[in-house]
1. What pairs come out if I take residues in region 35-62 that are closer than 30 Å to residue 103 by Cα and pair them with residues that are of a type in the set (Ser, Thr, Tyr) whose C-beta lies under 6 Å away, six or more apart or interchain?
2. Out of the residues in region 113-168 that are in a helix (DSSP H, G or I) and hydroxyl-bearing (Ser, Thr, Tyr), state the one that is farthest from residue 193 (Cα to Cα).
3. Mind checking which residues of region 32-60 are farther than 17 Å from residue 88 by Cα and in contact with a Gly (Cβ under 8 Å, 6 or more places away or on another chain)?
4. Could you identify the single residue in 81, 30 that is over 30 Å from residue 126 (Cβ atoms), surrounded by fewer than 12 Cβ atoms within 10 Å (Cβ to Cβ) and not assigned by TED's automatic domain parsing to the domain that holds residue 186?
5. Please give the number of the condition residue 3 fails out of (1) within 18 Å of residue 121 (Cβ to Cβ); (2) assigned to a loop (DSSP other than H, G, I, E, B).
6. Name the single residue, out of those in region 33-49 being among the polar types (S, T, N, Q) and surrounded by 14 or more Cβ atoms within 10 Å (Cβ to Cβ), that is farthest from residue 108 (Cα to Cα).
7. Which one is farthest from residue 14 (Cα to Cα) among residues in region 169-208 that are of a type in the set (D, E, K, R) and in a loop (DSSP other than H, G, I, E, B)?
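The values are calculated or read from the model by the stated rules, or taken from the named source; none is laboratory data. In this text, all values refer to a predicted model and were calculated from it rather than measured experimentally. Cβ placement follows ideal geometry from the backbone for every residue including glycine, while neighbour counts extend to all protein chains displayed.
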Amino acid sequence: MKIKVLKADDNQAGTVEFPDEIFAAPVNETLLWEAVETYRANMRKGTAKTKSRGEVEGSSRKLFPQKHLGRARVGARRSPTRVHGGVAHGPRPRSYRKGLPAKMRRRALLEALKQKLQTGNVVVMEDIELEEPKTRFVVQALAPVREKESGSMLVVAREYSPELVRASRNIPALDLMTEADLNAYAVWRRQKLVLFKSACKPLVERYR
């Protein structure tokens, strides 16, 4: 499949080819979702915690005798059944981390790219070169894409430039990554994938 290369003025500047034998095959939704769940799990801090009855303040003395009062038996003030008591079986700090083999991570990225290509959510643009880190320059360069699509987008460059990083970090719903740092979750979570022309060739060569 061939994708048109857009200029900042919305004119066409050639095409980039993504081989059909690689990018036109059916998407492995199961592998892609497993990768997404792994990335999301690994981002969890796992710091949720409640105090048990041994950690809350209060006396451990039995509030009143067990028998001869005609009322329900009750233990200490810190019992989970009482107000301000401890929490029974509450969350404790833990790790939610999952492992994903390198081959599966690499293949999951391919599945995410295939999904974006096959749904028409990939745009290829000429590289943006900035002389100074001004947000308005990036907004103007991405105007052909942002005017047609109001959703979020991921911009993929061949390598980071300090001016581009500073100029793009203040734009809402826009992520900037290099081709080498790309992963399945980053591609999946944004609606539109914007590839700079220089990043396309190494991305295709990775899966040949």
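1. Here the result reads 36/185; 39/185; 41/96; 44/96; 46/95; 46/96, each pair linking region 35-62 to a residue that is of a type in the set (Ser, Thr, Tyr).
2. 135
3. Passing the criteria: only 38.
4. Matching residue, one of 81, 30: 81.
5. (2)
6. 42
7. Across region 169-208, the extreme among qualifying residues is 169.
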